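Scroll down for the structure; my scribbles are underneath it.
The values are calculated or read from the model by the stated rules, or taken from the named source; none is laboratory data. Owing to the predicted nature of the structure, the values given are computational and were not obtained by experimental measurement. Using ideal geometry, Cβ is built from the backbone for each residue, glycine included, and neighbour counts are taken over all protein chains shown.
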Amino acid sequence: MDLRLDLATIDFPALVERARAMIPALEPDWTDHNIHDPGIMLAELMAWTAEAQIYSLSRLRRDERIAYARMLGIEMAGPRPAAGLVWPLSAWDKGIQQGTIFGQSLAGGTPVMARMTETPAFRLMRDQYLTGAALESVKAISADGRTADYTQVNRADGATFLPFGERPSTGDRLVLHFTGVAIEPGGKGAITLGFQVHQGEVGGEVGQAPSRFAIAMRDASGERPLSLLADTTVGLRQSGIIAIDISPDEQDRSESWFQLILRPRASGLHWPPRLVRLAANVLAVEQAEAVTDLQQGTGLPGQNMRFSRTGRMTDRPLTVTSAEGAASGIGWEARPKLDDSGPADRHYVLDTQRNRILFGNGINGLAPPADAALTVDYEVCTGVAGNIARGMEWSVRGVAGTFGVNAEPFSGASDGIDIDGLQAAARSSLSQRKVHVTSGDLEAAALALDWLNVARAHELPPLPCTPRGLRSLLVVAEAAETDTVAETPTWLAAIRSELAPGLPLGEHLRLIAPRSIGLRIRARLTVAETATAEKVDEAVAKLLRSKFMAPAPQTHSVWPFGRDVAALTVKGWLRGIKNVVRVADLQLLGDGVPAKGDLALGAIELPRWENVPGDIVVERQRGGGWL
């Protein structure tokens, strides 16, 4: 039943009838639905109140409309720019080598232009140095000393690799070996490493979020830590860049090589990241443009100054200056209104509806003096028009020729929301909002978290002692085999942060990891005379692995939560293997403890089969006896 109301046509009689129609389902013992009934009187009172509120919704003041939208988390805002990564041709086309286009500094804001003229303007997001050093090898070294060389995989289009293995730890490290000099004398800006994440999304800047990595440089003089200026990868969860602060005198120049070593911080990675490629000199760009408007003061009260461009980004600073004020170090300040401003106060009001600035009248706020040079600096973007498809060629002002291509689409842009757009945004939010009301809602939302690799989710029924409003969700991680599954606290916390905003008001969520029970199966199998013990052993291992150690993405997909492992069931499985004639002396062990018959499991427990040599004994039948 759709509980949403059509506010354009609903009125008092319709509300009363809707309430009366719901009574039989909610309260079957309530049989008197006439107007003299006290309950019907209360329903009519609430319908009258609701109708009055609905009537007032379309007659809200500006501040009331803004306040109601804020309750839904919707604010007036300007457009948001698209962001993305431009990969140098040396990383995109393996036939092109790094050359003379590198070894120079680029300032933040440098224009980055597409070959297609109708594409909006983009720019660098930060100061950057294009190093002339060449990336020669990419190697992953695990905490136990094992080394994996991903150099060729990184150069192969479409191939992927796990830079920190299946279970990242603080002892792992990714070693990038370069030949050449990191930064020449006089070079300025950060050196960037770009990471294209498999099935990830291109990310922009991530504010003040701390990096989940520590980075160091090693050369002939030893190893030393480096400062990270930015990390937009969110723990390699999305494609992005890591900007590194390397000073020109940082490297030992006695030998023309150096290494950059990337290490995960403690509890830094929720899940093992998978990369498509990594490279140096990757540009982080955004679709934005700086605009400066100039106008002369009139000396008249109530002067206004219109912006020459639309699409101003309201989350970026806007500055208003005038020559005489700048000389004295006094600027103009924004105020919501000028009622409390004095005659000498350099205040203005920003009128976003009319895309202009209003100055004072000489009594409430200073009127700009005649012939005063007024300057307004702001930034604009084109909103969703900046979302660009992948594979376009880009050039950078000051760099000869084509610099590179975007391996993934530029994304993240949105159009602005003004006072008239608040209502449309609120209606869209209500129609698209997913509230996790039922267990199915919550479980489906957990399984939809692709980047967190949730294989299974099950909401546990509340116990008598469970506090009201507390919901418990049992989640299982996806892995290659169950012995690599690790539902870490950081992984659980990440899932909770994604699901909690969708809970109904007053509910809280607790994430629970399954308890893995080591299952050993001891049995003696009698097989046909023509059978070989090796093939029977392989068939047994394959069968038990499929039941209790299913590979991703069906990890634990066979055995239900909390179901006891019945000895008779296991015996029937083994008896069904080809050439098995008899199953005898079958015994189950849970975490090394022999079970008395069946292995009992709790509500959050899952069996994990342990293949211990000697547990399954195979005997071949021969002439009425066994061997």
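Points to keep in mind about this one:
- Residues being among the β-branched types (V, I, T), closer than 13 Å to A373 by Cα and in contact with a Ser or Thr (Cβ under 9 Å, 6 or more places away or on another chain) - total across region 282-308: 1
- Candidates are the residues of region 217-230 that are surrounded by fewer than 17 Cβ atoms within 10 Å (Cβ to Cβ) and of a type in the set (G, A, S); the one that is farthest from Q251 (Cα to Cα) is S227.
- Condition check for A480: at pLDDT below 85, crowded, with 16+ Cβ neighbours inside 10 Å and either of a type in the set (G, A, S) or in contact with a Gly (Cβ under 6 Å, 6 or more places away or on another chain) (or both): no
- Qualifying strands (runs of 3 or more DSSP E) (wholly inside region 286-339; at least 3 residues being free of Cβ contacts under 8 Å to residues at least 40 places away in the same chain and more than 22 Å from E379 (Cβ to Cβ)): none
- Output for region 282-313, where each listed residue is of a type in the set (A, V, I, L, M, F, W, C) and closer than 30 Å to L89 by Cα: V282, L283, A284, V285, A288, A290
- Looking only at region 374-422, residues that are under 20 Å from I241 (Cα atoms), over 21 Å from the mean Cα position of the chain (by Cα) and among the hydroxyl-bearing types (S, T, Y) come to 1 in all.
- Tallying residues that are more than 29 Å from the chain's Cα centre (by Cα) and within 14 Å of L193 (Cβ to Cβ) within region 222-280 yields 2.
- Test: I388 is crowded, with 18+ Cβ neighbours inside 10 Å, of a type outside the set (F, W, Y), in contact (Cβ under 8 Å) with a residue 12 or more places away in the chain and within 13 Å of F122 (Cβ to Cβ): yes
- Filter result (surrounded by fewer than 21 Cβ atoms within 10 Å (Cβ to Cβ), of a type in the set (A, V, I, L, M) and either over 26 Å from the mean Cα position of the chain (by Cα) or part of a loop (DSSP other than H, G, I, E, B) (or both)) within region 112-163: M113, A114, M116, A121, A134, I141, A143, A148, A156, A159, L162
- Contacts under 7 angstrom Cβ, first residue in region 181-196 being at positive phi, partner surrounded by fewer than 24 Cβ atoms within 10 Å (Cβ to Cβ) and of a type in the set (D, E, K, R), 6 or more apart: G189/D127
- For T233, the conditions (1) under 20 Å from L85 (Cα atoms); (2) at pLDDT 90 or above; (3) buried (at least 21 other Cβ atoms within 10 Å of the Cβ); (4) not aromatic (F, W, Y) all hold with the exception of (2).
- Some residue of region 314-333 being farther than 30 Å from T170 by Cβ, modelled with pLDDT of 90 or more and surrounded by 20 or more Cβ atoms within 10 Å (Cβ to Cβ): yes
- Flag if D420 is touching a Leu at 6+ places or on another chain (Cβ under 9 Å) and either on the phi > 0 side of the Ramachandran plot or surrounded by fewer than 16 Cβ atoms within 10 Å (Cβ to Cβ) (or both): no
- Scanning region 418-428 turns up no residue that is assigned to a loop (DSSP other than H, G, I, E, B) and touching a Pro at 6+ places or on another chain (Cβ under 9 Å).
- Scanning region 554-586 for residues that are over 26 Å from T530 (Cα atoms) and either touching an Asp or Glu at 6+ places or on another chain (Cβ under 6 Å) or surrounded by 16 or more Cβ atoms within 10 Å (Cβ to Cβ) (or both) turns up T555, H556, W559, F561, G562, D564, V565, A566, A567.
- Matching residues in region 340-384 - criterion: being outside any loop (DSSP other than H, G, I, E, B) and not aliphatic (A, V, I, L, M): H347, Y348, D351, R356, F359, T375, D377, Y378, E379, G383
- Selection status of A91, closer than 30 Å to F195 by Cβ, touching a strand residue (DSSP E or B) at 6+ places or on another chain (Cβ under 6 Å), at pLDDT below 80 and outside the structural domain of T314 (by TED's automatic domain parsing): yes
Each row is one residue, and each column tells you yes or no for (1) touching a residue at least 40 places away in the same chain (Cβ under 8 Å); (2) among the basic types (K, R); (3) in contact with a strand residue (DSSP E or B) (Cβ under 7 Å, 6 or more places away or on another chain).
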site	(1), (2), (3)
G235	no, no, no
Q238	yes, no, yes
I241	yes, no, yes
D245	yes, no, yes
E250	yes, no, yes
S256	yes, no, yes
L260	yes, no, yes
P264	yes, no, yes
L269	yes, no, no
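- Filter result for R471 (outside the structural domain of R563 (by TED's automatic domain parsing), part of a strand (DSSP E or B) and more than 24 Å from Q587 (Cβ to Cβ)): yes
- Answer from R563, R520 - the residue that is in a strand (DSSP E or B), under 41 Å from the mean Cα position of the chain (by Cα) and in contact (Cβ under 8 Å) with a residue 24 or more places away in the chain: R520
- The set of residues in region 434-446 being in contact (Cβ under 8 Å) with a residue 40 or more places away in the chain and buried (at least 19 other Cβ atoms within 10 Å of the Cβ) consists of H436, L442, A445, A446.
- Among (1) within 30 Å of L511 (Cβ to Cβ); (2) modelled with pLDDT under 90 - the single one L442 does not satisfy: (2)
- Residues of region 447-459 include at least one that is without any contact (Cβ under 8 Å) to a residue 60 or more places away in the chain, in a loop (DSSP other than H, G, I, E, B) and not aromatic (F, W, Y).
- Test: A493 is farther than 30 Å from R354 by Cβ, surrounded by fewer than 17 Cβ atoms within 10 Å (Cβ to Cβ) and at pLDDT below 90: yes
- When each of E529, E538 is tested for being surrounded by fewer than 16 Cβ atoms within 10 Å (Cβ to Cβ), assigned by TED's automatic domain parsing to the domain that holds V583 and assigned to a loop (DSSP other than H, G, I, E, B), the lone residue that passes is E529.
- With respect to the stated conditions, L358 fails to be aliphatic (A, V, I, L, M), within 28 Å of V384 (Cα to Cα) and surrounded by 13 or more Cβ atoms within 10 Å (Cβ to Cβ).
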